[in-house]
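The values are calculated or read from the model by the stated rules, or taken from the named source; none is laboratory data. No experiment lies behind these values; they were computed from the predicted model shown. Counting neighbours? That spans all protein chains shown, and the Cβs are built from the backbone with ideal geometry, glycine included. Side chains included, ligands, DNA and RNA excluded: accessible areas come from the protein's heavy atoms. Shrake-Rupley method; radii C 1.70, N 1.55, O 1.52, S 1.80 Å.
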Amino acid sequence: MQQPKTTRMHDRAASVLPLTAFTIATLEARLFLEENVPPLPPGIMKTPAMVAGFLRDTVIRPALEYLAILGMSADHEFVMRRAPWMADNPKAPDCPKNCRPLFDRPAGMLVGCLVFRYLCAMTGQSSNAQRSYRNAATGTHLLVDVDVAAPSIQIYLPESVAMAIGHAVATHYHLGKSVQ
């Protein structure tokens, strides 16, 4: 007996995230080899303005712009660790209940932020994701964990946001073919 199409699509969408370490390493290698963009070396993020500006442009703005249809709160939570300008060093947060990590393990800051921006744009342009997940994330927010010294990032997405992104990827003509 064959599964109904909606159940298969839901299963495919659920399987998209978290992105594997292999996927992230492949993207980092392609950025370097094809576009001559090296990973950010440790210690490059030296000022709060540099980190805040980078996160504003690659995480906050795309989330507010492209994921607005999901109804998330604009008050996202950021945990900055091992930053030279901070006296205290908070521990890495655990994945909150009803959330899913974007990456298997923290990704490099540059590729992690660029992938997140891309996935947000894809979700915002997906009529299927918009139709299926309109206001599905009302009252939720992102938890962004940044290790400034590494530099690396992990983004914890509310389950409904992760499913909307997964749905957008799974229904994308080229990317969806590789989602099992």
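For the chain, the longest principal axis of the C-alpha atoms and the axis of helix 21-35 are separated by about 70°. Counting charges near PRO90 (Lys, Arg +1; Asp, Glu -1) among other residues having Cβ under 10 Å from its Cβ returns a value of +1.
Phi angles of the stretch 132-143 translate, via the Karplus equation with coefficients 6.51, -1.76, 1.60 and θ = phi - 60°, into HN-Hα couplings of 7, 10, 4, 6, 6, 10, 4, x, 9, 8, 7, 10 Hz per residue; Gly and Pro are given as x. Take the chain with all the other protein chains still there, run a 1.4 Å probe, and you get 54 Å² of accessible area per residue. Over the stretch 129-171, the reciprocal of the mean inverse Cα-Cα separation, the Kirkwood hydrodynamic radius, stands at 11.7 Å. Sorted largest first, the spans of the alpha carbon positions of the chain along the three principal axes are 58, 39, 26 Å. If you take the charge dipole of the chain about its Cα centre, with +1 on Lys and Arg Cβ and -1 on Asp and Glu Cβ, which of LEU27, PRO48, MET109 is farthest toward its positive end? Of LEU27, PRO48, MET109, it is LEU27. Less than 13 Å from a label point 7 Å out along the Cα-to-Cβ axis of ASN128: which backbone N atoms in the stretch 144-173 qualify, by residue? Answer for this model: 164-173. Between SER15 and ARG56, the distance separating the two model label sites (each 7 Å from Cα on the Cα→Cβ line) works out to 4.1 nm. An oblate overall shape is assigned to the stretch 2-79, the ratio a/c of its alpha-carbon gyration tensor axes (a ≥ b ≥ c) being 1.5 or greater and a/b not exceeding b/c. Roughly speaking, to the nearest percent, how much of the chain's 1.4 Å accessible area is carbon and sulfur? For the chain, the apolar C and S fraction of the accessible surface comes to 57 percent. May I ask for the angle, rounded to the nearest 10°, between helix 159-171 and the longest principal axis of the chain, with both axes built from Cα atoms and the value confined to 0 to 90°? With rounding to tens, the tilt is 70 degrees.
In plain terms, the chain is cut at each of the chymotrypsin sites (Phe, Trp or Tyr not before Pro) found in a DSSP loop with at most 12 other Cβ atoms within 10 Å, and the longest leftover piece is 86-172. Taking the convex hull of the alpha carbon positions in the stretch 72-169 and averaging its projected area over all directions gives 6.4 nm². Note on ARG12: accessible area is roughly 70 Å² with a 1.4 Å probe, heavy atoms of protein only. May I ask you to list the residues of the stretch 134-152 whose amide nitrogen lies under 20 Å from a point 7 Å from Cα along the Cα→beta-carbon direction of PHE78? Only 140-152 fall inside the zone, counting backbone N under 20 Å. Among the GluC sites (Glu not before Pro) found in the stretch 23-88, not one is both in a DSSP coil and sparsely packed, with 11 or fewer other Cβ atoms within 10 Å of its Cβ.
Can you give me the angle between helix 109-125 and the longest principal axis of the chain, using Cα atoms only, in degrees from 0 to 90, rounded to the nearest 10? The angle comes out near 30 degrees.
Using a probe of 1.4 Å on the protein chains alone, the accessible area found for THR47 is around 60 Å².
Any idea what the relative contact order of the chain is, in percent, if you count C-alpha pairs under 8 Å spaced at least 6 apart?
On the way: 288 pairs, mean separation 62.8, N = 180.
Relative contact order for the chain comes out at 35 percent.
On a per residue basis, the convex hull of the C-alpha atoms belonging to the stretch 37-95 measures out at 129 Å³.
On the principal axes of its alpha carbon atoms, the stretch 82-137 extends 45, 26, 21 Å, with the longest extent given first. Calculated mean residue ellipticity at 222 nm for the chain: -12500 deg cm²/dmol, from DSSP H runs with n ≥ 4 weighted as -39500 (n - 2.57), summed, divided by the residue count and rounded to 500.
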